[in-house]
Amino acid sequence: MMHGFPIFPPSASTAAPRVDALFTGLMIMTVFFSALIFFAIAFFAIRYREGSKANRDNPRSESLPLELTWMIVPLCISFGFYFWASTLYTQMHVAPPGAVDVYVVGKQWMWKIQHQQGNREINELHVPLGRPVRLIMTSQDVIHSFFIPAFRIKQDVLPGRYSTEWFQATTPGEYHFFCAQFCGTSHASMIGRVIVMQPAEYERWLAGAAGGAPMATVGEGLFQQFGCASCHLANNSGRGPALAGVAGSTVELEGGGTVVADREYLRESILDPAAKVVRGYKPVMPVFRGQLSPDQVAQLIEYIRSLGGPRVAAKGGTP
Amino acid sequence: MSPHSITTHEHYLNAGYGPRSWLLTTDHKRIAILYMLSITFFFFVGGFFAFLMRLELLTPDGDLVSAETYNKLFSMHGITMVWFFLIPSIPSVLGNFLVPMMVGARDVAFPRLNLLSWYIYVVGGLFTLAAMIFGGVDTGWTFYTPFSSTYAHSNVIPVVIGIFILGFSSILTALNFIVTIHTMRAPGLTWFRLPLFIWAMYATSVILVLATPVLAITLAMLGVERIFGVGIFDPALGGDPLLFQHLFWFYSHPAVYIMILPAMGVVSELITCFARKKVFGYRFMAFSLLAIASVGFLVWGHHMFVSGQSAYAGMVFSALSFIVAIPSAVKVFNWAATLYKGSIAYHTPVLYGFGFIGLFTIGGLTGLFLASLALDVHVHDTYFVIAHFHYIMVGGAVMGYLGGIHYWWPKMTGRMYPEGWAKFAALVLFVGFNLTFFPQFILGYLGMPRRYHVYPPEFQVLNVLSTAGATILGIGYLIPFVYLIWSLRHGKNAGRNPWRATGLEWLTPSPPPVHNFDEIPVVTGEPYTYAGEEEQRE
């Protein structure tokens, strides 16, 4: 019946049916209370119309039990929905381990997408079926928002920081994605399609014509080209800390405190190195804000993340 | 008495003629009329922008206006309707006219400040209008940074200055109401004998005084960043774009309550009068207004669930947003209960009252969809949001305003509006409204983003329905505009109290004399002392 006139968008992610269930729950509640109010008003309005013979003895204009009832019942129902929605949100918020990471850069008015294997695309996003995919997103200019209705997810994409969202596609096919945050003249053209492929097909696509050098490899070239290598020596004898094993570890900071060296920290430390200096080092690294494109920053980060192995011990602890 | 001669007594309308007597008046009733004319003008300007948008959206392609023009249309529609129509609508027109009369005073506390507030409104309005005509603005009414501060090429600064100026008008009106309600109540008129409309005006005024300065500061900072390049919001300059959103919504969410609380006040008057029964749960009704006004300051973050704000903040704001719905629910249930064992007369104002309750209920309940974190992720920034807040703003606030205008029209003008036409218009508006905005709920859930000049073709059917509804709605607004003007000359003589309503404003002749009351009334009892059926049998 809903075929020609759907009220639900395609449901193609693990989150979609759960969001739809919440929507349906709220809809039932809305229809129930709207109908209650509507019929109460219609019934009273007809029965107690001017001149009707209805019994009007002892009209009341206050009732504490009634007031409490229609405060407490809606409050309980509200909190039921609150916990339902918040629990689901928490599950939808954090990507499971092992997600495929894809970098997304929004700019007026296009989406630039970069896969770790080196494939790049514009306004198209190829993803494998049945695997969690995490988008690591930033903007080159204003705020955008990456919205995939079929997956029921959306996240604003801000300049100057990474935002993430994740999904696990459940149905192969092509789906819209939209920029949902107004971003200027051609906002409505900042749209594209997600192509969900069978894993084998996806692997073929990654290896295919669109392929280039992996991000980490390109990043390694940048690491040399911008002179990073001259201070961040592998044996930790340089003016900057060695980077092997840093990604994901806990870093002690100059002036006390620690920080987890996630992508956001690495991004900040490349662009604005003085913001959080590693303990035992001086803020001597040049600022790369404006020197590197978001793509290049992402490539450097992937290079740093690719430097596995044990972390070289921090320089003594004595300044 | 012939319909052309009601002017037998001296009243505020015949107390002086000519532009001078109007432009230099300090009579709250004349200032209300000045406001009514000004906001009606801006309402039709804003409506015209909306109509062009709906025409463009008839087809998926951008074939009527360019993307740039479309972006300016929705921005100017929002700016005009929010700041130059909705926020001043009920407070500045009905509030100005009625607050002094309802509390039994001869004017507001500061009559000259009241006139100044209208002049500030006009200056702000003309400034913004000029900025819109000579170039326009394309940031949306929300002015999100860094787009507005760094990237937009349109008239951001002039429009922001216009809104900045307008803010002082809101503050002055609100200040006047607060002082008037505190200090000028007639003898015996204690707080719990006040009509609920006064409670609503009081709650609204408190929000206006507390929230508007935050908007002014925020817009000033936006101007500083845009003009002088000082990094406040733009990360490229070292600022934080989310800071703008926090500050903006700290004003703009309470601003939603600035628009809806006055309409709740109006509807309480309408329902109780035409049910001829005291409003049910008076104290709960009064305190729920204050509860909405105060909790309303703590929910701004629900506009930012997908902005990058922390997930924990999102959960707190979500919980508070569910809580703020409770006092609204209390109001709806109490209105319904007021009808029980009443004696309901079907005049136009109460039809608007019923329309308000129905549409506000749907608008309010769909607000819970948006307060639900996981669901908001999907529907945020889609047409679902557009539909939701138009149910509150148009279905709620505008219906309340029109209901109030019809109810107090006899008092304001001394003439009755034509009942048949008025009922017809109310019906047309109700049908047109639902046809315009109901399809937008579905569009939103299907994923159509807001502020889209072009859209994928599968969304067309619902957009055509919406545009058809908007056409009916537009015609619906023109009907009262015509018959209300007609009634000024040809309407039946209203008399002092055509609705047999309680309330001090009905004790004076219609239209009221310049000083409202020859003798200040003394209040000895509760409000809304309707006696139901007995009264009719007398």
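The values are calculated or read from the model by the stated rules, or taken from the named source; none is laboratory data. Predicted model, so just to flag it, every value in this text is computed and none were measured. Methodologically, a virtual Cβ is constructed for each residue, glycine included, from the backbone with ideal geometry; neighbour enumeration extends over all protein chains shown.
Annotations for the structure displayed:
- Filter pass, residue B:480 being in contact (Cβ under 8 Å) with a residue 24 or more places away in the chain and surrounded by 20 or more Cβ atoms within 10 Å (Cβ to Cβ): yes
- Region B:367-381, subset facing another protein chain (nearest Cβ under 7 Å) and not hydrophobic (A, V, I, L, M, F, W, C), residue nearest to residue B:328 (Cα to Cα): B:372
- Filtered residues of region B:214-230 (kept if among the β-branched types (Val, Ile, Thr) and touching a residue at least 24 places away in the same chain (Cβ under 8 Å)): B:214, B:217, B:218, B:227
- The lone criterion from (1) surrounded by 21 or more Cβ atoms within 10 Å (Cβ to Cβ); (2) under 28 Å from residue B:135 (Cβ atoms); (3) in contact with a Ser or Thr (Cβ under 7 Å, 6 or more places away or on another chain) left unmet by residue B:105 is number (2).
- Of all positions in region B:422-430, none carries a residue that is under 30 Å from residue B:506 (Cα atoms) and part of a loop (DSSP other than H, G, I, E, B).
- Only one of the listed residues (B:208, B:270, B:261, B:219) is more than 18 Å from the chain's Cα centre (by Cα) and in a helix (DSSP H, G or I). That residue is B:219.
Per-residue answers, yes or no, for (1) outside any helix (DSSP H, G or I); (2) among the β-branched types (Val, Ile, Thr); (3) free of Cβ contacts under 8 Å to residues at least 40 places away in the same chain:
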residue	(1), (2), (3)
B:325	no, no, no
B:334	no, no, no
B:338	no, yes, no
B:358	no, no, yes
B:369	no, no, yes
B:376	no, no, no
B:385	no, yes, no
B:389	no, no, no
B:393	no, no, no
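- Just one of the listed residues (B:345, B:397, B:425) is of a type outside the set (Lys, Arg) and either within 11 Å of chain A (Cβ to nearest Cβ) or surrounded by fewer than 24 Cβ atoms within 10 Å (Cβ to Cβ) (or both), and it is B:345.
- Residue list for region A:125-164, restricted to those being more than 10 Å from chain B (Cβ to nearest Cβ), assigned to a strand (DSSP E or B) and of a type in the set (D, E, K, R): A:134
- Any hit, region A:176-184, residues being within 9 Å of chain B (Cβ to nearest Cβ), more than 24 Å from residue B:236 (Cβ to Cβ) and of a type in the set (A, V, I, L, M): no
- From the list A:78, A:61, A:52, the one residue that fits, being without any contact (Cβ under 8 Å) to a residue 60 or more places away in the chain, crowded, with 18+ Cβ neighbours inside 10 Å, over 19 Å from the mean Cα position of the chain (by Cα) and in a loop (DSSP other than H, G, I, E, B), is A:61.
- Single condition residue B:341 does not satisfy, out of (1) at pLDDT 95 or above; (2) in contact with a Phe, Trp or Tyr (Cβ under 7 Å, 6 or more places away or on another chain); (3) of a type in the set (D, E, K, R): (1)
Residue-wise test of (1) among the small types (Gly, Ala, Ser); (2) at the interface with chain A (Cβ under 7 Å from one of its Cβ atoms); (3) touching a helix residue (DSSP H, G or I) at 6+ places or on another chain (Cβ under 9 Å).
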| site | (1), (2), (3) |
| --- | --- |
| B:255 | yes, no, yes |
| B:266 | no, no, yes |
| B:272 | no, no, yes |
| B:293 | yes, no, yes |
| B:335 | no, no, yes |
| B:357 | no, yes, yes |
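- Residue in region B:455-470 that is surrounded by fewer than 17 Cβ atoms within 10 Å (Cβ to Cβ), assigned to a helix (DSSP H, G or I), more than 10 Å from chain A (Cβ to nearest Cβ) and out of contact with any Pro (no Cβ under 8 Å at 6 or more places or on another chain) present: yes
- Taking the numbered list (1) aromatic (Phe, Trp, Tyr); (2) more than 10 Å from every other protein chain (Cβ to nearest Cβ); (3) over 24 Å from residue A:301 (Cα atoms) in turn, residue A:167 passes all entries but (3).
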